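The numbers here are math on the coordinates, done by the rules we state, and not lab data. From a predicted model like this one, the values you see are computed outputs, not experimental measurements. Heads up, the Cβs are rebuilt from the backbone with ideal geometry, glycines too, and the neighbour counts pull from every protein chain shown.
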Amino acid sequence: MAQGRFITLEGGEGTGKSTLSRGLGEALRARGRDVVLTREPGGAPGADAIRALLVSGDAGRWSAMEEALLFAAARLNHLTHTILPALARGAWVICDRYYDSTRAYQIAAGGLAPATLETLNALIGAPAPDLTLVLDMAPSAGLARSQGARAGEDRFEQKAIGFHERVRAEFLAIAEREPKRCAVIDASADAGTVLAHALAVVGQRL
């Protein structure tokens, strides 16, 4: 059986993760890969129900710790019902956000201790991705792109620009700390250029 691969796409709001996910999926399927496209929060029935709690409503609806716990519950459901079965059959899983988003949003920008994520990941048995593509662009440009793109799912977009700047800085710091797993892609380029860069990285790394 072919070996499954786990690719995650990370970045701030409006950086084009969903567009890149679709492009990568089409390109890899054209090469004969079994590809599963998924996202967080969501990707399984229980996780989708939790998503509605996390991405809608007032920006201050949940504390950073409450968010981290909800994300972990959704992630466990997602892993159990979608990601791990797909990897076990040899599929390539492309996930729009994963635990690096918790590190950026709830820890770096939200103020939680780094050990929080380590504890939650250990509790749910969250595997590390084989490759993480970090889509990077100025938060102001990303927020302008994402405005109105997901009706009713703008809870995080409502947060202050300083919050989003801390998110961006942490994603770049993650990539610097883990260069073997992560690659940074300039998300301000057009979609075709971003996809070409991503495919080049996938070809080199996987």
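A few points about this structure:
- Mean separation of Cα contacts under 8 Å, 6 or more apart, over the residue count of the chain: relative contact order %: 33
- Taking only alpha carbon atoms, the chain gives an Rg to Rh ratio of 0.93, where Rh is the Kirkwood radius.
- Förster radius 22 Å - calculated FRET efficiency between GLN3 and ALA122, Cβ distance, rounded to 0.05: 0.35
- Taking every Cα-Cα distance in region 138-206 and sorting them into 10 Å bins from zero, the calculated P(r) comes out as 17, 39, 36, 9 percent.
- Classified by the C-alpha gyration tensor, region 29-87 has a prolate form. Its axis ratio a/c, with a ≥ b ≥ c, is 1.5 or above, and a/b is larger than b/c.
- Residues THR19 and ARG61, FRET efficiency given R0 of 25 Å [Cβ-Cβ distance, rounded to 0.05]: 0.35
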